[in-house]
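J.: Here it is, the structure, as structure tokens.
The values are calculated or read from the model by the stated rules, or taken from the named source; none is laboratory data. Treat the numbers as computed from the prediction; the structure is a model and nothing was measured. Using ideal geometry, Cβ is built from the backbone for each residue, glycine included, and neighbour counts are taken over all protein chains shown.
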Protein chains: 2
Amino acid sequence: MTSTTRADCVRRDEKDPLAGFRSEFLLPEGLVYLDGNSLGALPAAAPGRIAKTVEREWGERLVASWNEAGWWDKPRTLGAQVAPLVGAAPHEVVVGDGTSANLFKALVAALRLNPERPVVLGESGNFPTDLYVTEGVAEIMGAVERRVDPDNPAALSGALAAGDIAVLLLSHVDYRTGTLRDMARITRLAHTNGALVVWDLCHSAGAVPVELAACGADFAVGCTYKYLNAGPGAPSFSFVAERHHAVARQPITGWHGHARPFDFSAEYAPAEGASRFLSGSQPVVAAAALEASLEVWQRVDLGLLRKKSLALTELFIELTETAGLELVTPREPERRGSQVSLRHPEGYAMVQALIERGVVGDFRAPDVLRFGFAPLYLSYADVFDAAAALVEVVRSGEWHDPRFAVSRTVT
Amino acid sequence: MTSTTRADCVRRDEKDPLAGFRSEFLLPEGLVYLDGNSLGALPAAAPGRIAKTVEREWGERLVASWNEAGWWDKPRTLGAQVAPLVGAAPHEVVVGDGTSANLFKALVAALRLNPERPVVLGESGNFPTDLYVTEGVAEIMGAVERRVDPDNPAALSGALAAGDIAVLLLSHVDYRTGTLRDMARITRLAHTNGALVVWDLCHSAGAVPVELAACGADFAVGCTYKYLNAGPGAPSFSFVAERHHAVARQPITGWHGHARPFDFSAEYAPAEGASRFLSGSQPVVAAAALEASLEVWQRVDLGLLRKKSLALTELFIELTETAGLELVTPREPERRGSQVSLRHPEGYAMVQALIERGVVGDFRAPDVLRFGFAPLYLSYADVFDAAAALVEVVRSGEWHDPRFAVSRTVT
């Protein structure tokens, strides 16, 4: 039960130290966008930055821009800007390739660092690409795949205690439930049991503070087009802990991962640092949007971000309690990402009806209504309006309209 | 010896059936750009197409664009537009990931189709990424790497006759010499000897007609940012011959390569057709430039393209004969890509001096001056001017200027 009014929310917005960031994103008038955990909003500076890259750097300076405009070094310069958002040193992160390819690289590298152990431990409910890539890695490496529910502490401890786990792959925040895992505790537990850990940060980078180095993480992979606002399909990033730099070997050994690419040597020699996780050329035009976004992110206080994120999700949970949907996301703040998931068998139709009212969330099969809260461009008033709309959609039964019948959705 | 004058060239331009395409590309006034084999020129329609994707599709429609704007299917729709340029059926080509990752996938798939044979045969002078990725594949697959000079017919026949070659990886056009390989003959020879073939089309797609299906090719990978003008680091494409569709298995088994991704199934099942070579999300903003370029390419007669390409390279060879540089590219038209390479120990400085004169070519270690001829935006008069500038650079000795000393260059 809550008595929070819209006026209360407007007052909170007036005092919100992050409120100024809203103007750095372009969003359609009147839309409440709760799907930034799928595709982040467009940074206001991105169109100009992209146009400069396309028209001036590519159009006018052509190949000269590989050096002049820093194209060649983008995977490293952008990686260095992602680093503080995930608690890493600048040389521990590179940007390039997609999340699936980077998961593949990290898992193979981890298996090679732990060659006496035959098992990759994944999580039963992970995002499909994590599951599928793990299958692919297990097959090509002759390893065995096992799965566990990481939110069941006894099950996780037991699985790790088996003593044959080479590497554990976990999502820091579960894409479906929004559960935030304790990176420090789990990494420690894995290490104690002789396993390395690959963290998937797709739903946590830019959503919650991430402390890879402090937690002793080995490898991590993350998405830039969700909370990091780099645009559809923008390149992913890879973290390689410094202690593994001299020895970690990933298998897609392309030219850009070479120690001395301009020697055009006939043999491969891996580059220093996280650069050895690079393979080939990266989409520079896509990187321009990431660059615009990361300039905003350099000014964000992640402590304030987390505080606002929890306040927004807490508010949404409170305000929708009367709707009669089951809360899937943990009620304890320390176990919650920047997301609220609710369950209802007719969730798909409800999400469609809500979109019709100008509130964009999404649906994850079989029955999850999923709402992402990007603290940089969402206000408390937005959350109030979204919750009110959801309560009204459920109450009115307007989701019964056949227009809202099942179709496919995209992450 | 030649007596071709600039006026002759202007007359040839007046009769050139491809001359109209020049206006579909934006190039700086006064520049002669002979580096389209490294980074193609900007299509005039690309900035507008990119802005639409960024501002309208991403900025206003957000996640809805995955379906509405066809983002989800871009790897296939763009692949279908690349297909006619490489002699493939629409469902045999997908666009996504970088060239290095795609080479990795194709080589692993080929090895899996030929499991009794332990050897990957590469070419000794191939582009570094091809060499390095082959090393990486050999290691992870427990295969052996061997290299051969494919332009030495006896050596190639001998290497294939060994009887233990699972797959041959060749560049259709050599990046350094511009030598065009006989795809039909070599593919036949490989098949006769029980080997599959992966063709690297980076320097031939958009440069010469490619007939993958007619030649019986198994797999191919190609670049879109050279002759196909899709912008720096734009996604690569993969060709998978239809006869391998049901059985070819690549190892980076991500969500986008799944048969029914929206089932969110816990197990991987490869998609139909070339789609099984996809892994994760692709950079949609980068794809917008490719889309603009491919719309131009759909109107190009590849026979006319080849005719003009040979006329331009022939003209350049003739006009630079007196410069005293050694011709590296084959003199026989049927063995020549859309490129002329010349050799000189001081080639690096000469290329820099030439760039200073507004003629952009590039240099490939240790001693190759490399000039690419993109028939869609180069005129005969351009080639005359470029050749005259090169002859003058060499004659004058202006390349001795210390400003032109060695630095790094990018492919």
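J.: Determine whether B:Ser65 is closer than 24 Å to B:Arg370 by Cα, within 9 Å of another protein chain (Cβ to nearest Cβ) and not hydrophobic (A, V, I, L, M, F, W, C).
T.: Considered against the rule, which asks whether it is closer than 24 Å to B:Arg370 by Cα, within 9 Å of another protein chain (Cβ to nearest Cβ) and not hydrophobic (A, V, I, L, M, F, W, C), B:Ser65 comes out as no.
J.: Which of the residues belonging to region B:252-264 are in a loop (DSSP other than H, G, I, E, B) and surrounded by fewer than 24 Cβ atoms within 10 Å (Cβ to Cβ)?
T.: Passing the criteria: B:Ala259, B:Arg260, B:Phe264.
J.: Still on this structure, I have one more. Mind checking which residues of region A:128-146 are farther than 11 Å from A:Leu169 by Cβ, among the β-branched types (Val, Ile, Thr) and more than 7 Å from chain B (Cβ to nearest Cβ)?
T.: A:Val144
J.: As an exercise: evaluate B:Ala214 against (1) of a type in the set (Gly, Ala, Ser); (2) away from chain A (no Cβ under 14 Å); (3) over 12 Å from the mean Cα position of the chain (by Cα); (4) on the phi > 0 side of the Ramachandran plot and give the number of the one condition it does not meet.
T.: If we test B:Ala214 against (1) of a type in the set (Gly, Ala, Ser); (2) away from chain A (no Cβ under 14 Å); (3) over 12 Å from the mean Cα position of the chain (by Cα); (4) on the phi > 0 side of the Ramachandran plot, just (4) comes out false.
J.: Tell me which of these A:Ser3 doesn't satisfy, since it passes every other one: (1) away from chain B (no Cβ under 14 Å); (2) touching a residue at least 60 places away in the same chain (Cβ under 8 Å); (3) in a loop (DSSP other than H, G, I, E, B); (4) farther than 26 Å from A:Thr177 by Cβ.
T.: Every condition holds for A:Ser3 apart from (2).
J.: Could I ask something else about it? Where in region B:100-172 are the strands (runs of 3 or more DSSP E), entirely inside, with at least 3 residues that are crowded, with 24+ Cβ neighbours inside 10 Å?
T.: Answer list for region B:100-172: B:119-123, B:165-171.
J.: Does region A:374-384 contain at least one residue that is away from chain B (no Cβ under 13 Å), surrounded by fewer than 20 Cβ atoms within 10 Å (Cβ to Cβ) and of a type in the set (Val, Ile, Thr)?
T.: no
J.: Something else: Of the conditions (1) within 14 Å of the chain's Cα centre (by Cα); (2) aliphatic (A, V, I, L, M); (3) away from every other protein chain (no Cβ under 14 Å), A:Val300 satisfies every one except a single condition; which number is it?
T.: Against the list (1) within 14 Å of the chain's Cα centre (by Cα); (2) aliphatic (A, V, I, L, M); (3) away from every other protein chain (no Cβ under 14 Å), A:Val300 comes up short only on (1).
J.: Can B:Val198 be described as outside any helix (DSSP H, G or I), closer than 25 Å to A:Phe277 by Cβ and under 15 Å from the mean Cα position of the chain (by Cα)?
T.: yes
J.: Please indicate, with yes or no, whether at least one residue in region B:363-380 is of a type in the set (A, V, I, L, M), touching a His at 6+ places or on another chain (Cβ under 8 Å) and in contact (Cβ under 8 Å) with a residue 40 or more places away in the chain.
T.: The answer is yes; a qualifying residue exists.
J.: Among the residues in region B:271-294, are any more than 25 Å from A:Thr99 (Cα to Cα), touching a residue at least 60 places away in the same chain (Cβ under 8 Å) and touching a strand residue (DSSP E or B) at 6+ places or on another chain (Cβ under 7 Å)?
T.: yes
J.: Identify all residues within region B:245-264 that are β-branched (Val, Ile, Thr) and at the interface with another protein chain (Cβ under 9 Å from one of its Cβ atoms); write none if there are none.
T.: Passing the criteria: B:Ile252, B:Thr253.
J.: If you go through region A:362-388 one residue at a time, how many are assigned to a helix (DSSP H, G or I) and out of contact with any helix residue (DSSP H, G or I) (no Cβ under 6 Å at 6 or more places or on another chain)?
T.: The number of residues fulfilling the criteria is 4.
J.: Could I ask something else about it? Which numbered condition trips up B:Arg276, out of (1) within 15 Å of B:Leu113 (Cβ to Cβ); (2) more than 11 Å from chain A (Cβ to nearest Cβ); (3) part of a loop (DSSP other than H, G, I, E, B)?
T.: If we test B:Arg276 against (1) within 15 Å of B:Leu113 (Cβ to Cβ); (2) more than 11 Å from chain A (Cβ to nearest Cβ); (3) part of a loop (DSSP other than H, G, I, E, B), just (3) comes out false.
J.: Out of (1) part of a helix (DSSP H, G or I); (2) surrounded by fewer than 22 Cβ atoms within 10 Å (Cβ to Cβ), the odd one out for A:Arg249 is which?
T.: (1)
J.: May I pose another question? Within region A:178-195, identify whether any single residue is part of a loop (DSSP other than H, G, I, E, B), among the hydrophobic types (A, V, I, L, M, F, W, C), in contact with a helix residue (DSSP H, G or I) (Cβ under 8 Å, 6 or more places away or on another chain) and assigned by TED's automatic domain parsing to the domain that holds A:Glu92, and answer yes or no.
T.: So far as region A:178-195 goes, yes, one or more of its residues are part of a loop (DSSP other than H, G, I, E, B), among the hydrophobic types (A, V, I, L, M, F, W, C), in contact with a helix residue (DSSP H, G or I) (Cβ under 8 Å, 6 or more places away or on another chain) and assigned by TED's automatic domain parsing to the domain that holds A:Glu92.
J.: Quick check on this structure: which one of A:Arg56, A:Arg12 is of a type outside the set (Asp, Glu), assigned to a helix (DSSP H, G or I) and within 14 Å of chain B (Cβ to nearest Cβ)?
T.: A:Arg56 is the lone residue from the list that is of a type outside the set (Asp, Glu), assigned to a helix (DSSP H, G or I) and within 14 Å of chain B (Cβ to nearest Cβ).
J.: Which condition does A:Tyr225 not pass, out of (1) touching a helix residue (DSSP H, G or I) at 6+ places or on another chain (Cβ under 7 Å); (2) more than 23 Å from A:Ile140 (Cβ to Cβ); (3) within 11 Å of chain B (Cβ to nearest Cβ), if it passes all the others?
T.: Unmet condition: (1).
J.: Hey, can you tell me all the residues within region B:354-373 that are under 13 Å from B:Ala386 (Cβ atoms) and small (Gly, Ala, Ser)?
T.: B:Gly358, B:Gly361, B:Gly372
J.: Here's something else I'd like to know. Please pick out the residue among A:Glu242, A:Glu267 that is surrounded by fewer than 20 Cβ atoms within 10 Å (Cβ to Cβ), within 9 Å of chain B (Cβ to nearest Cβ) and modelled with pLDDT of 95 or more.
T.: When all the criteria are applied, what remains is A:Glu267.
J.: Here is a follow-up. For A:Asp200, state whether it is at pLDDT 95 or above and touching a Phe, Trp or Tyr at 6+ places or on another chain (Cβ under 9 Å).
T.: yes
J.: Something else about it: Checking B:Leu78 against (1) in contact with an Asp or Glu (Cβ under 8 Å, 6 or more places away or on another chain); (2) more than 12 Å from chain A (Cβ to nearest Cβ); (3) of a type outside the set (D, E, K, R); (4) outside any helix (DSSP H, G or I), only one condition comes out false. Which one?
T.: Failing condition for B:Leu78: (4).
J.: Checking the condition crowded, with 17+ Cβ neighbours inside 10 Å and either more than 14 Å from chain B (Cβ to nearest Cβ) or not in a helix (DSSP H, G or I) (or both), which residue from A:Gly30, A:Gly36, A:Gly70, A:Gly20 passes?
T.: Answer to the check: A:Gly36.
J.: Quick one: count up the residues across region B:92-127 that are of a type in the set (A, V, I, L, M), more than 11 Å from B:Val198 (Cα to Cα) and within 11 Å of chain A (Cβ to nearest Cβ).
T.: Final tally of qualifying residues: 1.
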